[in-house]
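Beneath this line is the structure, given in structure tokens, with notes to follow.
The values are calculated or read from the model by the stated rules, or taken from the named source; none is laboratory data. Just so it is clear, the structure is predicted and the values come from calculations on it, not from any experiment. Heads up, the Cβs are rebuilt from the backbone with ideal geometry, glycines too, and the neighbour counts pull from every protein chain shown. What goes into the accessible areas is simple: the full protein's heavy atoms, side chains included, and nothing from ligands, DNA or RNA. Shrake-Rupley method; radii C 1.70, N 1.55, O 1.52, S 1.80 Å.
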Amino acid sequence: VQLQASGGGLVQAGGSLRLSCAASGRTFNNYVMSWFRQAPGKEREFVAGITWSGGSTYYADSVKGRFTVSRDNAKKMVYLQMNSLKPEDTAVYYCAGKRTVGVASTISAYDYWGQGTEVTVSS
């Protein structure tokens, strides 16, 4: 599976962005998909995850209520809608996929990674 993230950019605080992750490969529908982010000088951290069916979603406390993760298995796409953005959301955002059941917040649990898309939120 190859993952390609896009949709990043520069936005003012309070604004919105929608990130997209395009996947290739026949077994995408079986994968748990998540978004991580890495701010300058910080470790990569879990942002949001969604089960293969889309029936369950999970969020980091820092984004809960502002971000929404979704997927379209027919299109092999995963999305991250980011609203009410804050300067502290500035980071490179990565989509990631894992073959095993269950959303995980640990980097090592994921088998596939996209190349990242940069989000900058100005104050």
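Restricting 32, 11 to residues that are hydrophobic (A, V, I, L, M, F, W, C) and within 21 Å of residue 120 (Cα to Cα) narrows the list to 11.
Picking from residues in region 14-29 that are over 28 Å from residue 121 (Cα atoms) and surrounded by fewer than 16 Cβ atoms within 10 Å (Cβ to Cβ), the one that is farthest from the chain's Cα centre (by Cα) is 26. One residue is enough: does region 27-44 have a residue meeting the conditions among the polar types (S, T, N, Q), modelled with pLDDT of 95 or more and either within 15 Å of residue 3 (Cβ to Cβ) or in contact with a helix residue (DSSP H, G or I) (Cβ under 6 Å, 6 or more places away or on another chain) (or both)? Taking every residue of region 27-44 in turn, at least one turns out to be among the polar types (S, T, N, Q), modelled with pLDDT of 95 or more and either within 15 Å of residue 3 (Cβ to Cβ) or in contact with a helix residue (DSSP H, G or I) (Cβ under 6 Å, 6 or more places away or on another chain) (or both).
Within region 50-72, residues that are open to solvent by 60 Å² or more (accessible area, probe 1.4 Å) sit with their Cβ atoms under 8 Å from residues that are part of a loop (DSSP other than H, G, I, E, B) and of a type in the set (Phe, Trp, Tyr), at 6+ positions apart or across chains, in these pairs: 52/31. Scanning region 47-70 for residues that are among the aromatic types (Phe, Trp, Tyr) and more than 20 Å from residue 28 (Cβ to Cβ) returns 59, 67. The conditions of being assigned to a loop (DSSP other than H, G, I, E, B), open to solvent by 60 Å² or more (accessible area, probe 1.4 Å) and closer than 24 Å to residue 101 by Cα are not met by residue 42.
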